[in-house]
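*Asks:* Below you will find the structure I want to go over with you.
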Amino acid sequence: MWQPTQIMMNGELMPFADASLHPMSLAVTYAATVFEGIRAYHVPETGQFAMFRMDEHIRRLQVGMKVMRFDQTYEIDYMRDCLTRLLKANEPDADVYFRLLVYIEGTGLLASTGPVGFTAAAMPRSKPKFADTGMGLGVSSWQRLSDNASPPRIKSTANYFNARLAVHQAKADGYDGALMLTPDGKVAEAPIACFFMVRDGKLITPDCSSNILESITRDTIITRYRELTGNVVEERAIDRSELYFAEEAFLCGTGQEILPVTSIDKLPVGSGEIGPMTRQMSEDYFGIVRGTVADHPEWRTMIG
Ligand SMILES: Cc1ncc(COP(=O)(O)O)c(C=O)c1O
């Protein structure tokens, strides 16, 4: 597997191992950081890379910077150029996962708004565990943080403290992963991915007011489901007990891609096998991101 040699800080390329940030920066002391994970899929036939829905990722990042009241922002064209330079500098020969972090790199008091800096890394990423086998989720006793406390809609590193609590509890309890509920007991999302389930043949996902990240993969699934089946995904509140009526379930996200869920709380989801709708949406998703399904060329920024 290829390894990253170069990393980018504030637009400058440097050896991967040389990146550094002061421990007294607000990024570290107060988690004053927003970030994105973006994938670029290798197209072996042409040697190009298809960066998936890059503009949407940068737009979400820009809103995060605004909410965090950073005194500087970065334009989409500039970030596209930076990520392109970074990818080329690393000469990958397989899929790439970008981490793009924007933060307050200065030291200062809690309310400081700058100086702002960014780091972009391009890394290999192997296929997520459980992609082929499906995973068993446990409903977490840690609540998903709520919109009026630490908004999950903003992809801030601070929110991943909550996510880590749930992941570690799930592991300690013998599950492959966690599913989190809102403070009023509705299904929210997994620590690093959104949730879909099938009931009575219909695809359902928690609505955007269920304390979720407004996931770009979730939007891709919603759009493609409508285009493929002519039906609309039900975006609505899901009670915990409704989970046990699911015929199928899966998680989705840029990093996790599509992960089938075969049990919840040690109860089988449907037959306990990966179901046909999950397989169909997964197959279509990989076709779309890699460009073997030609639809939505606007979602793929070609590099190289
Ligand atoms: C909490 C959370 N929900 C959902 C997602 C999926 O979001 P996206 O599809 O935009 O990558 C992620 C992944 O980054 C996440 O961290």
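The values are calculated or read from the model by the stated rules, or taken from the named source; none is laboratory data. All of these numbers come straight from a predicted model, not from anything done at the bench. Every residue, glycine among them, receives a Cβ derived from its backbone with ideal geometry; neighbour counts consider all protein chains shown. For accessibility, only protein heavy atoms count, side chains too; no ligands or nucleic acids. Shrake-Rupley method; radii C 1.70, N 1.55, O 1.52, S 1.80 Å.
*Asks:* Which one is least open to solvent (accessible area, probe 1.4 Å) among residues in region 18-52 that are under 22 Å from residue 79 (Cα atoms) and assigned to a helix (DSSP H, G or I)?
*Replies:* 27
*Asks:* Exactly one of these conditions fails for residue 85: (1) open to solvent by less than 80 Å² (accessible area, probe 1.4 Å); (2) more than 21 Å from the chain's Cα centre (by Cα). Give me its number.
*Replies:* All conditions are met except number (1).
*Asks:* Quick one: what pairs do we get from region 238-267, first residue more than 11 Å from the ligand (Cβ to nearest atom), second among the charged types (D, E, K, R), C-beta under 7 Å, 6+ apart or different chains?
*Replies:* Short answer, once both residue conditions are applied: 238/186; 239/186; 245/199; 246/199; 247/199; 262/273.
*Asks:* Still on this structure: Scan region 148-167 and report the pairs whose first residue is within 21 Å of residue 99 (Cα to Cα) and whose second residue is more than 11 Å from the ligand (Cβ to nearest atom) and open to solvent by 50 Å² or more (accessible area, probe 1.4 Å), with Cβ atoms within less than 6 Å and a gap of 6+ or a chain change.
*Replies:* Note: pairs meeting the criteria are 154/67.
*Asks:* Among the residues of region 94-139, write down those that are touching a His at 6+ places or on another chain (Cβ under 9 Å) and at pLDDT 95 or above. Write out each step before concluding.
*Replies:* Our first condition is that a residue be touching a His at 6+ places or on another chain (Cβ under 9 Å); within region 94-139, this holds for 94-96, 98, 100, 105-107.
The answer is 94, 95, 96, 98, 100, 105.
*Asks:* Report whether or not residue 286 is at pLDDT 95 or above, touching a helix residue (DSSP H, G or I) at 6+ places or on another chain (Cβ under 8 Å) and within 16 Å of the ligand (Cβ to nearest atom). Spell out how you get there, then give the answer.
*Replies:* Working: at pLDDT 95 or above: yes; touching a helix residue (DSSP H, G or I) at 6+ places or on another chain (Cβ under 8 Å): no; within 16 Å of the ligand (Cβ to nearest atom): yes.
The answer is no for residue 286.
*Asks:* Any chance you could count how many residues in region 56-82 are closer than 24 Å to residue 4 by Cα, surrounded by 16 or more Cβ atoms within 10 Å (Cβ to Cβ) and in contact with a helix residue (DSSP H, G or I) (Cβ under 7 Å, 6 or more places away or on another chain)?
*Replies:* Here the count works out to 4.
*Asks:* Oh, and also: Tell me, which strands (runs of 3 or more DSSP E) lie completely within region 83-185 with 2 or more residues that are within 28 Å of residue 265 (Cα to Cα)?
*Replies:* Answer list for region 83-185: 135-139, 177-179.
*Asks:* When you check residue 164 against the structure, is it under 19 Å from residue 30 (Cα atoms) and either buried (at least 17 other Cβ atoms within 10 Å of the Cβ) or not small (Gly, Ala, Ser) (or both), yes or no? Working first, answer last.
*Replies:* Numbers: under 19 Å from residue 30 (Cα atoms): yes; either buried (at least 17 other Cβ atoms within 10 Å of the Cβ) or not small (Gly, Ala, Ser) (or both): yes.
Criteria met by residue 164.
*Asks:* Next up: Considering region 238-275 alone, what residues qualify as being touching a Gly at 6+ places or on another chain (Cβ under 9 Å) and charged (D, E, K, R)?
*Replies:* Those that are touching a Gly at 6+ places or on another chain (Cβ under 9 Å) and charged (D, E, K, R): 239, 240, 247, 248, 265, 266, 273.
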